[in-house]
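**Student:** Structure below; questions to follow.
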Amino acid sequence: MLSGKNIVMGVSGGIAVYKAVDVVSRLRKLCANVDVIMTRSATEFVTPLTFQSISQNPVTVDIFKEPTQWEIEHISLAKKAHVFLVAPATANIIGKVANGIADDMLSTTIMATKAKVVFAPAMNTNMYNNIIFKENMDKLKKYGYEFIKPGTGRLACGDFGEGKMAEPADIVDYIVQTLTNDELKGRKIIVTAGPTIEPLDPVRYMTNHSSGKMGYAIAKEAKQRGAEVILISGPVNLEPPSGVELIKVNTTEEMHNAVEKHFESCDVLVKAAAPLDYRPVTVSKNKIKKDKAEIEIKFTRNPDIVACFGKMKKNQLLVGFAAETENLIENAKKKIVNKNLDFIVANNILAENAGFKYDTNIITIIDRDGTTTDYPLMKKEDAARVIIDKISVMLNC
C-alpha cells in the first residue's frame, strides 16, 4: 500500500518509545521505507539497533557523526521524506520546533523539511495540559503542523489522564490516510456491517455469527482513500475505523431506516452486513418461561434491504454479498438480478478459514454480465482493497 513512500520518523525520549518500534514494524509491513532519527534520550529506552533491525535502514542519532557518504545527512533526510512523523513527540521536541530551536539531528531535520510533519504527543497529563505546551501546540497547528490526539488512561508515572501516545494502529492509519491517493475524495460511501438482532422477549434475542470484520475493513479502506464513509453497524466487538461516521443499530428495520436516511446522497452502498431475514410477529413483554414442553413463535419477513435500494437506486453503485453454504455461484448470480446489484462478493462460509469470525476470507467477485473472478485465501483487509479497487474503477476515479 505504501510502496515507494519514504517516511522519516523522529523518536524522542519517553517510555512510549517501545510503541514506536511497533509503528515502524507496521509501516514496513505496508512496504513503506522508514528512516529513523532518535534523540539521545530516546536511546536510553530502546537501542538504535532495534530500530535499525526493524526498519532495515541505518538509524541516525548524532549530528556530528562522521559521515559515511558525501551528503549532509539532515538535509538529505529532510528532502527524502514524503511525510515526517514524530512518535513519541515529547513536550521538549514540540517546544523546540515551536520556537525555532534546532540543536540536534531531529530538530534540525524537522526545521529543514518541506514535508508534512505529524506529531504523536506522549507525556504526563499535567505537562499535556500545561498552558505553555498548549500554546506551543496551537502555534504549530497554525503553521500547518499536524497532531494525532493522544489517548486517555493510566500513564507510566501512575497518573491517570490525557497524554498517552496514540496506539500504533491509529498512528499508522493516520499516516496511510495522509499518503494514499485521495482517489475517492468527494465520494460518499455507505457500508453496512455485522449482524442484526431481533428480540424474542426482554431477555432473549435471535442473531447470527457475523463478526462485522469484512464490513469494517471495507469502511477503513474507503476512508483511507479519501471517501466520506458512513458505517452502519449491528452489534459487534470492533473499534470503528478512524474518521468514519458510525451509526449503531440493532434490528434489521433499524438498519434499513439508517440506510434510507443517507441513500439518496450516497455514491455507493456496500451491503456487507448479515441482517436477519425474519423477526417475531410479536415480542413477549415478559420473559418466556420454560413451563411448556414446546412453544411456537410466528415469524414475519424483514425488509430486504439490498433489494429495496436496488429498486430505488439511480446513479448509485450497489455492492452485495452472498454468504452461502451450497451452490455459491448460482445463488450469487440470482441475487445480482433479483436485487439489481452492480456486482456481488460471494463466499462459502463453510470453507476453511473463511467467512464469519475469521480474519481471512476466500472471495469470488461476480459482475452483472456474469464475469467471475476468484481470489485465494487472503486477509479481510486485502479483500477490502480488492473490493474498493473495483469500486474506484467503476466510479471512473
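**Student:** From Lys333, Lys287, grab the single residue that is charged (D, E, K, R), touching an Asp or Glu at 6+ places or on another chain (Cβ under 7 Å), assigned by TED's automatic domain parsing to the domain that holds Ala258 and at negative phi.
**Tutor:** Details: Lys333 fails: touching an Asp or Glu at 6+ places or on another chain (Cβ under 7 Å).
Matching residue, one of Lys333, Lys287: Lys287.
**Student:** Out of (1) among the basic types (Lys, Arg); (2) crowded, with 16+ Cβ neighbours inside 10 Å; (3) farther than 25 Å from Arg26 by Cβ, what's the single condition that is false for Lys164?
**Tutor:** Lys164 satisfies every listed condition except (3).
**Student:** Could you name every one of the strands (runs of 3 or more DSSP E) located completely within the range 64-157 that has at least 1 residues being at pLDDT 95 or above, surrounded by 15 or more Cβ atoms within 10 Å (Cβ to Cβ) and within 28 Å of the chain's Cα centre (by Cα)? Before you say what the answer is, go through the steps one by one.
**Tutor:** On the way: elements: 83-89, 116-121, 151-154.
By residue number, 83-89, 116-121.
**Student:** With the checklist (1) buried (at least 17 other Cβ atoms within 10 Å of the Cβ); (2) more than 28 Å from the chain's Cα centre (by Cα) in hand, flag the one item Asn286 doesn't pass.
**Tutor:** Status for Asn286: all satisfied but (1).
**Student:** Let me ask another. Considering only residues that are of a type outside the set (Val, Ile, Thr) and under 18 Å from the mean Cα position of the chain (by Cα), which ones fall in the range 362-391? Talk me through it step by step, then tell me what you get.
**Tutor:** Taking the range 362-391 first, the residues of a type outside the set (Val, Ile, Thr) are 367-370, 374-385, 389-390.
Correct list: Met378, Lys379, Lys380, Glu381, Asp382, Ala383, Ala384, Arg385, Asp389.
**Student:** Can you name the number of the only condition in (1) under 30 Å from Cys266 (Cβ atoms); (2) surrounded by 13 or more Cβ atoms within 10 Å (Cβ to Cβ); (3) not assigned by TED's automatic domain parsing to the domain that holds Ala20 that His209 fails?
**Tutor:** Result: His209 passes all but (2).
**Student:** Additional query: List, please: which pairs have Cβ atoms under 6 Å, are six or more places apart or on different chains, and start with a residue in the range 135-146 that is assigned by TED's automatic domain parsing to the domain that holds Ala98 and over 13 Å from Val118 (Cα atoms) and end with one that is modelled with pLDDT of 95 or more and assigned to a helix (DSSP H, G or I)?
**Tutor:** Final answer for the pair search is Asn136/Ile94; Asn136/Gly95; Asn136/Ala98; Lys139/Ala98.
**Student:** Kindly indicate the residue of the range 300-330 that is surrounded by 15 or more Cβ atoms within 10 Å (Cβ to Cβ) and among the polar types (S, T, N, Q) and also farthest from Lys188 (Cα to Cα) among those meeting that condition.
**Tutor:** Asn302
**Student:** Being at positive phi and at pLDDT 95 or above is the requirement here; does Asn302 meet it?
**Tutor:** Judged against the criteria, Asn302 is not a match.
**Student:** When you look at Asp182, is it assigned to a loop (DSSP other than H, G, I, E, B) and either closer than 19 Å to Lys248 by Cβ or more than 16 Å from the chain's Cα centre (by Cα) (or both), yes or no? Break it down into steps so the answer makes sense when it comes.
**Tutor:** Details: assigned to a loop (DSSP other than H, G, I, E, B): yes; either closer than 19 Å to Lys248 by Cβ or more than 16 Å from the chain's Cα centre (by Cα) (or both): no.
Here the answer is no, as Asp182 does not meet what is asked.
Conditions tested, residue by residue: (1) touching a residue at least 24 places away in the same chain (Cβ under 8 Å); (2) over 28 Å from Thr180 (Cα atoms); (3) out of contact with any helix residue (DSSP H, G or I) (no Cβ under 6 Å at 6 or more places or on another chain).
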{"site": "Tyr216", "(1), (2), (3)": "yes, no, yes"}
{"site": "Glu228", "(1), (2), (3)": "yes, no, yes"}
{"site": "Leu231", "(1), (2), (3)": "yes, no, no"}
{"site": "Pro235", "(1), (2), (3)": "yes, yes, yes"}
{"site": "Val270", "(1), (2), (3)": "yes, no, no"}
{"site": "Ile288", "(1), (2), (3)": "yes, yes, yes"}
{"site": "Lys292", "(1), (2), (3)": "no, yes, yes"}
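**Student:** Looking at the structure I just gave you, is Thr50 part of a helix (DSSP H, G or I), more than 22 Å from Leu179 (Cβ to Cβ), at pLDDT 90 or above and under 30 Å from the mean Cα position of the chain (by Cα)? If you could, list the steps in order and put the result at the bottom.
**Tutor:** On the way: part of a helix (DSSP H, G or I): yes; more than 22 Å from Leu179 (Cβ to Cβ): yes; at pLDDT 90 or above: yes; under 30 Å from the mean Cα position of the chain (by Cα): yes.
Yes, satisfied.
**Student:** So, one more: Hey, could you check the range 345-397 for residues that are within 25 Å of Leu30 (Cα to Cα) and among the basic types (Lys, Arg) and say which is surrounded by the fewest Cβ atoms within 10 Å (Cβ to Cβ)?
**Tutor:** Only one residue fits best here, namely Lys357.
**Student:** Let me ask you something else. For residues that are modelled with pLDDT of 95 or more and assigned to a strand (DSSP E or B), scanning just the range 1-27, find the one that is farthest from Val83 (Cα to Cα).
**Tutor:** It comes out as Val11.
**Student:** List the strands (runs of 3 or more DSSP E) that sit entirely inside the range 283-397 and contain at least 3 residues that are of a type in the set (D, E, K, R).
**Tutor:** Details: elements: 299-301, 317-324, 343-348, 364-367, 372-374.
Once the strands (runs of 3 or more DSSP E) in the range 283-397 are filtered for at least 3 residues that are of a type in the set (D, E, K, R), nothing remains.
**Student:** Pull out all pairs, ordered by first then second residue, where Cβ-Cβ is under 6 Å, the residues are six or more apart or on different chains, the first lies in the range 381-397 and is within 20 Å of Gly355 (Cβ to Cβ), and the second is assigned to a loop (DSSP other than H, G, I, E, B).
**Tutor:** Ala383/Ile363
**Student:** Would you be able to say whether some residue in the range 246-262 is touching a Leu at 6+ places or on another chain (Cβ under 6 Å), closer than 22 Å to Lys149 by Cα and in contact (Cβ under 8 Å) with a residue 12 or more places away in the chain? Spell out how you get there, then give the answer.
**Tutor:** Applying the first criterion (touching a Leu at 6+ places or on another chain (Cβ under 6 Å)) to the range 246-262 yields 246, 252.
Those still in the list that are closer than 22 Å to Lys149 by Cα too: 246.
Next, only the ones that are in contact (Cβ under 8 Å) with a residue 12 or more places away in the chain stay: 246.
Checking the range 246-262: at least one residue is touching a Leu at 6+ places or on another chain (Cβ under 6 Å), closer than 22 Å to Lys149 by Cα and in contact (Cβ under 8 Å) with a residue 12 or more places away in the chain.
The values are calculated or read from the model by the stated rules, or taken from the named source; none is laboratory data. Please read all numbers here as calculations on a predicted model, not as lab measurements. As a convention, Cβ positions derive from the backbone with ideal geometry for all residues, glycine included, and neighbour counts pool all protein chains shown.
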